[in-house]
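What follows is one structure encoded as structure tokens, with my remarks underneath.
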Amino acid sequence: MVRILVDTSADYTVEELNARHMELVSLNITVDDKNYRDLVDITRNEIYDMLINQEKFPKTSQPSPQDYLEIFEDVKEKGDTMVCITLSSGLSGTYQSACLAKDMAEYDEIYLVDSKSATYGIRHLGEYACKLRDEGMDAKNIANKLEEIKSRIVILAAVDTLEYLCKGGRVSKTTAAVGELANIKPLITVTEEGKVHVPGKCLGRNKALATLTKNISTYEIDDSFPIYSIYAFGEENTEKLEEKLEATGIHVAERLQIGATIGVHVGPGAYGVIFIKK
């Protein structure tokens, strides 16, 4: 049997995972020395409430190798195969934990895919993996197919400030200094190397929305995959972005909330789109 494993940065709900027969490893979120397992012990909106109302900044950490090893040993014991898709190695040590666990399990039929992506970019890979599994493809070839398309995932977003990415160590203090300027709205993306990049800074939200729309329209989008709009806390900006995209002929298939693992780093004001380019 081919089994598919993701971590909580893919932002599936428990119900969605069960419906797709997928498995899960949780990243950890620490607030004021108390540890929570993402999706298990704490909800998305609880994290955003902490970001808005508490001085203590939540911190995230990758799953341990042991978290993966327990699953990998079960796969080995049952003679199954597995495709394991992780958060970008450029953003987290999650992929490294999975690699260590695979070495400890000593089982070749586990195929690790470093998504080089985050949030619903990983969902694109997960959905494609499930489709191929259900069509009868084996785990090795599914992993190869995911490797082929992962560089085509595009994440384009805007944030109110780079403060959260700076606190989480994802951008430098120098880069984040723009967040101190009045009404500057940074644009962010994830590079093909799987790291956060700031391609532009806009004066005000309206300019950010217009620039995002313009940037998105420059891509040839592969319409065999859905376009996701994303939001962190509050959907107003995402609604406006969807309206602008519709006016250019780009239809968003689904609006989805950014989960706690990534939300901690982008902050409650983040919004954008994720799609697959040709």
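Using only DSSP helix segments of four residues or longer, with each worth -39500 (n - 2.57), what per-residue ellipticity at 222 nm results for the chain after dividing by its residue count and rounding to 500?
-11500 deg cm²/dmol
Determine the order of TYR120, TYR36 by accessible area, beginning with the largest, at a probe radius of 1.4 Å.
I get TYR36, TYR120, largest accessible area first.
Over the chain, with the other protein chains present, what is the accessible area per residue in square angstrom, probe 1.4 angstrom?
Details: 12670 Å² over 278 residues.
Value for the chain: 46 Å² per residue.
Determine the order of MET22, MET104 by accessible area, beginning with the largest, at a probe radius of 1.4 Å.
Numbers: MET22 15, MET104 100 Å².
Highest to lowest solvent-accessible surface, that is MET104, MET22.
Could you tell me how far the Cα centroid of the range 49-79 sits from the Cα centroid of the range 83-110, in Å?
Rounded to whole Å, the Cα centres lie 13 Å apart.
Using the Karplus curve 6.51 cos²θ - 1.76 cosθ + 1.60 with θ = phi - 60°, what ³J(HN,Hα) values do you get for each residue of the range 50-60, in whole Hz, with x for Gly and Pro?
5, 4, 7, 10, 10, 6, 5, 8, x, 10, 10
Round to a whole number: what % of the accessible area of the range 17-146 belongs to carbon and sulfur, probe 1.4 Å? Write out the running numbers ahead of the final one.
Values: 2560 of 6020 Å².
After summing per-atom areas, the C and S share lands at 42 percent.
What accessible area, in Å² to the nearest ten, does a 1.4 Å probe give for ILE262?
My reading of the accessible area for ILE262 is about 20 Å².
Per-residue counts of other Cβ atoms within 10 Å, averaged by peptide: what ranking do you get for 197-208, 78-89, highest first?
Descending mean neighbour count gives 78-89, 197-208.
For labels at ARG37 and ASP103 in the simple 7 Å Cα→Cβ model, what's the distance in nm?
Placing both labels 7 Å beyond Cα along the Cβ direction yields 2.5 nm.
What are the radius of gyration and Dmax of the range 1-76, computed over its Cα atoms and given in Å?
In Å, with Rg to one decimal and Dmax whole: 14.1, 47.
What relative contact order, as a whole-number percentage, does the chain give when Cα pairs under 8 Å and 6 or more residues apart are counted?
21
Using only the alpha-carbon atoms of the chain as identical scatterers, what base-10 log of I(q)/I(0) does the Debye formula give at q = 0.13 Å⁻¹?
Log-scaled intensity ratios, in q order: -0.85.
Mind listing the long-range amide H neighbours of LYS201? Cut-off is under 5 Å, sequence gap 5 or more, other chains count too, H placed in the peptide plane at 1.01 Å from N.
Counting only residues 5 or more places away or on other chains, the set is LEU187.
Share of Cα-Cα pairs in the range 1-151 beyond 23 Å, in percent?
Counting every Cα pair in the range 1-151, those more than 23 Å apart make up 35 percent.
How many lysine pairs does the range 29-124 hold where the Cα atoms are under 17 Å apart and the two sit 8 or more places apart or on different chains?
Number of lysine pairs found: 4.
Let me make sure I get this right: for the range 63-157, a, b and c are the square roots of the gyration tensor eigenvalues over alpha carbons, sorted descending. Under 1.5 in a/c it's rounded, otherwise prolate if a/b > b/c, else oblate. Which is it?
Taking the square roots of the gyration eigenvalues as a ≥ b ≥ c, the range 63-157 is oblate.
The values are calculated or read from the model by the stated rules, or taken from the named source; none is laboratory data. Predicted model, so just to flag it, every value in this text is computed and none were measured. Using ideal geometry, Cβ is built from the backbone for each residue, glycine included, and neighbour counts are taken over all protein chains shown. For accessibility, only protein heavy atoms count, side chains too; no ligands or nucleic acids. Shrake-Rupley method; radii C 1.70, N 1.55, O 1.52, S 1.80 Å.
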